[in-house]
Amino acid sequence: MLNRDRTRLTPEDLNARLRFAVGLTLAGVLAFTMGAVLYSLIYVTQPMEQSPNDKAFFDLITPIATFLVGTLSGVMVAGNNNRKDKTNETDSST
């Protein structure tokens with residue numbers, strides 16, 4: 001892949017772009033999911049008792065949202081560990 005100035009991107013640059021795209025996608029899905037849940041709670045008329053369908057919906061949304069938050073944090077933290085390992089290797093070699 002080429003930069004605007006026609007130079008090849010380094011593997012670190014490609015990794016950063018990939019992490020950005022994955023993080024943006026996961027954050028968008030998480031925001032859409034939370035927006036849909038909030039919309040269903042605020043603007044949809046709810047009966048006094050929770051229906052079985054609503055209970056099943058919230059039981060399904062909870063692990064999905066937890067998975068998305070965990071994956072998003074894992075993607076964001078993974079790149080920082082790689083940089084720390086490289087700086088430790090270069091510091092120890094001098």
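The values are calculated or read from the model by the stated rules, or taken from the named source; none is laboratory data. Worth saying up front: this structure is predicted, and the values here are computed from it rather than measured. Quick reminder, even Gly has a Cβ in these numbers, built from the backbone with ideal geometry, and neighbours come from all protein chains shown.
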Taking first residues from the range 50-61 that are in contact (Cβ under 8 Å) with a residue 24 or more places away in the chain and second residues anywhere that are in a helix (DSSP H, G or I), the pairs with Cβ under 7 Å that are 6 or more apart or on different chains are ILE61/THR33; ILE61/VAL37
Please identify the pairs in which a residue from the range 68-88 that is over 12 Å from VAL22 (Cβ atoms) has its Cβ atom under 6 Å from the Cβ atom of a residue that is assigned to a helix (DSSP H, G or I) and at pLDDT below 55, counting only partners at least 6 apart or on another chain.
none
Anything in the range 12-51 that is assigned to a helix (DSSP H, G or I), of a type in the set (S, T, N, Q) and loosely packed, with under 14 Cβ neighbours inside 10 Å? List them, or say none.
THR25
Within the range 1-55, how many residues turn out to be farther than 30 Å from VAL77 by Cα, at pLDDT 85 or above and not hydroxyl-bearing (Ser, Thr, Tyr)?
0
Please go through the range 1-48 and pick out each residue that is among the hydroxyl-bearing types (Ser, Thr, Tyr) and closer than 27 Å to LEU68 by Cα.
THR25, THR33, TYR39, SER40, TYR43
